[in-house]
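Here is the structure we will look at.
The values are calculated or read from the model by the stated rules, or taken from the named source; none is laboratory data. If you're wondering where the values come from, they're calculated on a predicted model, not measured in any experiment. Cβ coordinates were reconstructed from backbone atoms using ideal geometry, including for glycine residues, and neighbour counts include every protein chain displayed. For the accessible areas, the whole protein counts, side chains as well, though only heavy atoms, and no ligand, DNA or RNA atoms are used. Shrake-Rupley method; radii C 1.70, N 1.55, O 1.52, S 1.80 Å.
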Amino acid sequence: MTAAGELNCAQALARLDTRLDGELTETEAATLARHLENCATCSAVLANRMAVRERLRKVVRSAQPAPGMAVRVRSGISAGNGRNGARWGFLAAAALVLLTVGGYNSWKNGHFRMTPESRLSYIASIVPEVAPIMRVGLQQHVHCAVFRSYSAQNETVAQLAGSLGPQFAALVPVLQARVPAGFQVVLAHRCNFNGRQYIHVVARRKSELISLLITQRSGGEAFESDLRAVASEAGTPVYSSGIKRFSIAGFETSRYLVYLVSDLSQTENATVFEAMTPALRTDLS
Amino acid sequence: MAKPVPAAGKRFFAKANARAEFEAEAMPHLDDLFRTALRMTGDRARADDAVQETYLQAWKSFDTFEKGTNCRAWLFRILFYTVHHQRRKLFRFPVADTAEEMLESTLAAPEPIAEELRDEQILGALDSLPPDYRAAVVLVDVEEFAYKDAAEIMGVPIGTVMSRLSRARRMLRAQLAEAAKSYGIGNTARKGEAS
């Protein structure tokens, strides 16, 4: 046993690594130094460990990063600066793609608009609610006047009348003269639906529509007696009906079925129709 | 008359200043971080990734770095967090700790002689240590961190650093003594050729 405060070799050896780490307290370091001064064996072990550690340090430190590493780190940081922006940009692009694809599919599937199929099924859903003779006018109003996009620029009454041909040209001014204020004839043409030919004149006030429809009467077709007949001044029975937002009024001549279908109230629709009945009757005779 | 600098301008200049500071404080430690990452991950590509990620994270949180404190230790802390994170993700290292088993055979290890060791033996012995032990040796022996800093970098108490170091060095010595013994003849012959 050495003197108090002095180390034996085992104790000294146990402190060599801590000494190399530089983590001995001053007192510990001084005590170890005194032992090493007098002990060649422990000093040699310390020198060897120092040398091994130096070799270890050298070999680990010999590994260098690839030459471009610092550049990549710097550009990574610069990209990282705007990374939030880039990420939002990416998200925005992704969202745009989703909206475009989804939107296109929805459009294709008719979620945003009425496809020809959905139009027909809409017509099929409301038309049976009225008497068969009324359906003839209603279906074509919905099919041809309602499901249509109207251009902002209108043709004149004369131009429209011209497009119907001399036989029916007079219908355009007849309708224009009797529609409520603000309505404007915007369409006059021949059209057909379910194999039936129509003369079709449409007046429009913003989203409200009035259709005057004339079609050839085929055998046996007549306004039935159970429909409410509104006696007109001229003595022509006018029949009136309604379904959803549509009001239908009609009368018959020997050759034609004549309809006025509109978004007006049933009463107003009938009144407008009655007012033009005499003129129509004259024109269609 | 000096025009007032708009807020956006101030932010821009603050950013530019921070960037210059980061360049001066953090970038000089790139080599140290890389070689440590290389020892901890085992291959250059992973080390590369770990260092990139370390600098990115460091830059992002550079405003939380206390000026005047040890930037190198701060970067190493981020590196170890990153590597640890990658390691957990990759399951690259065996979870079972074979350290105790290895220690059994090292109780009376002879001292390896520095001149008898070749570089690849030293590196091989270091790399064969369990990761936590290897980390302690790399941080203290190679990177010359104080125990206190090594403890912070590894996120363990100082006592744990000391016991890991003590065990790691015993294992290292046993490995190196074994290596020197088996390659000793070849080593001597090569030395003879060289002289």
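General remarks:
- Using R0 = 41 Å, the C-beta based FRET efficiency linking residue B:45 and residue A:43 works out to 0.40.
- Cα shape, segment A:1-50, gyration tensor, a/c 1.5 rule: oblate
- Taking each residue as 0.36 nm, the span from residue A:118 to residue A:281 lengthens on full extension beyond its C-alpha to C-alpha distance by 55.1 nm.
- The residue A:194 and residue A:267 beta-carbon pair, evaluated with R₀ = 51 Å, returns a calculated FRET efficiency of approximately 0.95.
- Relative contact order of chain A, pairs being alpha-carbon contacts under 8 Å that are 6 or more residues apart, as %: 11
- The residues B:122, B:113, sorted by heavy-atom accessible surface at 1.4 Å with ligands and nucleic acids left out, run B:113, B:122 from largest to smallest.
- Longest segment of chain A lacking trypsin sites (Lys or Arg not before Pro) that sit in a DSSP loop with at most 13 other Cβ atoms within 10 Å: A:1-112
- The C-alpha atoms of chain A define a longest principal axis, and helix A:69-81 lies at about 40 degrees to it.
- Once you divide the Cα radius of gyration of chain A by 2.2 N^0.38 Å, the number left is 2.58.
- Taking the longest Cα principal axis of chain A as reference, the axis of helix A:26-38 is set at about 40 degrees.
- Computed over segment A:97-136, Kirkwood Rh from alpha-carbon pairs, angstrom: 11.9
- Prolate/oblate/rounded call for segment A:127-276, Cα gyration tensor, a/c under 1.5 rounded: rounded
- Taken along its principal axes, the alpha carbon cloud of segment A:154-218 reaches lengths of 35, 25, 18 Å, longest axis first.
- Spin-label proximity, residue A:147 to segment A:192-206 - amide N less than 11 Å from point 7 Å beyond Cα toward beta carbon: A:194
- Calculated FRET value between residue A:101 and residue B:84, using beta carbons and R₀ = 56 Å, to 0.05: 0.85
- Spin-label pair residue A:8-residue A:33: with each label point 7 Å from Cα along the Cα-Cβ axis, the two points sit 2.6 nm from one another.
- Cα pair count fraction exceeding 15 Å, expressed as % - segment A:122-186: 64
- Against chain A, whose longest principal axis comes from its Cα atoms, helix A:116-126 is set at around 60 degrees.
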